[in-house]
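Nothing in this text is a laboratory measurement; each read-out follows from the coordinates by a stated rule. Keep in mind that what you see is a predicted model, and the values were worked out from it rather than measured. FYI the Cβ positions are ideal-geometry reconstructions off the backbone, even for glycines, and counts take in every protein chain you see.
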Amino acid sequence: MRNAKQARIIAGLTVLVALLVLSVPSSAAGFGFLTRWGGTGTGDGQFGGSQGAEGIAVGAGGNIWVVDRGNARVQEFNPTGGFITKWGTFGPLDGQFNTPFGIAADSSGNLYVVDTSNFRVEKFSSAGAFIVAWGWGVDDGVAHFEKCISSCQAGLDGTGDGQFHSPTGVAVGAGGSVYVIGDGDERVQKFDANGGFLTKWGSQGTGDGQFNSGGPEGIAVDSAGNVYVTDVIADRVQKFTSTGTFLAKFGSSGTGDGQFKSPQGITVDAAGNVYVTDSDSTTNRVQKFGEPSNEPPPTGGGGGGSGGSTTAPPPGPTGQRAAAVKKCKKKKGRAKAKCLKKAKKLPV
């Protein structure tokens, strides 16, 4: 499924950079293009082929870290795109990666990288020094949750507490808590800053606090510690407390204001406004949500990022789409990814 998402994620990378800029309150009348950098290759500042750039994070000082999935590394840039440093190589050892995906920075500048095909999360200093990895079997290969600070190995795929099944997204709360989501793993897992497992929530389904088959896509944490998760198949965003209590939801399937078709990336600014990338080829847009107003919502849905939703629950994939998704789950690899991509375009 990750390969099927590739075009959407790469296309959305520029959008996510824009979201990070928009998340800083400003009195400017508008925003325009500032700069760009990158290219295909293995050199400094380049990104690896069709798998290319994936996750992106910005530190308090403005430096930018980008996951270079194709070259199994992380690259650091200054705010104008100037190359600073890089770290990581392909492999299962300390500081190595196998298809890295998401990245997040905490308030101290530490970085958390989702090492997808090694089924683990790795923590680094802002300069790229390895600190710790966690997941099942990362230290001794035994099927239980553990942390590792040296001589680490790939984790074990699965759905146990603290275990990962194709992890893709990561976010850090103000208190240092780390939240991880995964492709095909319909839940959110919460860890402390050093990888200790704290709690989890979510299951497969269409109800409040559940996620449709294929798992959540994007995750973000606001200044109050609330967690926002995009539910890509259900075309909605769900909001939770830091411990997983369901608070609100917004969105429904469609192309109108407040509706979604494959919502992916998400971020929250200092004022509590929520920005969501709507990544289907028929939309390809960013939508901004804020506190509910006294005015009626736009036709087709919508809602408030930090307030309770008063819109009708978004429909789940209970018709053609659900049937197609069910068939896709029987496939594997690229065939499964292509199948799911087509299924998302079907009516609910």
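Assorted remarks:
- Additional length obtainable on full extension of the chain from T85 to L34, 0.36 nm per residue less Cα span: 16.2 nm
- Of K200/K249; K147/K327; K249/K288; K147/K261; K86/K147; K123/K261, those spanning more than 26 Å from alpha-carbon to alpha-carbon: K147/K327; K147/K261; K123/K261
- Take every Cα pair under 8 Å whose residues are at least 6 apart in sequence, average their separation, divide by the length of segment 196-287, and the relative contact order is 20 percent.
- Protection proxy ranking of 54-63, 161-170, 200-209, 243-252 - average other beta-carbon atoms within 10 Å, highest first: 161-170, 243-252, 54-63, 200-209
- Cα centroid of segment 189-205 to Cα centroid of segment 43-85, whole Å: 27 Å
- At full extension, T243 and S108 could sit 46.4 nm farther apart than now, given 0.36 nm per residue minus the alpha carbon distance.
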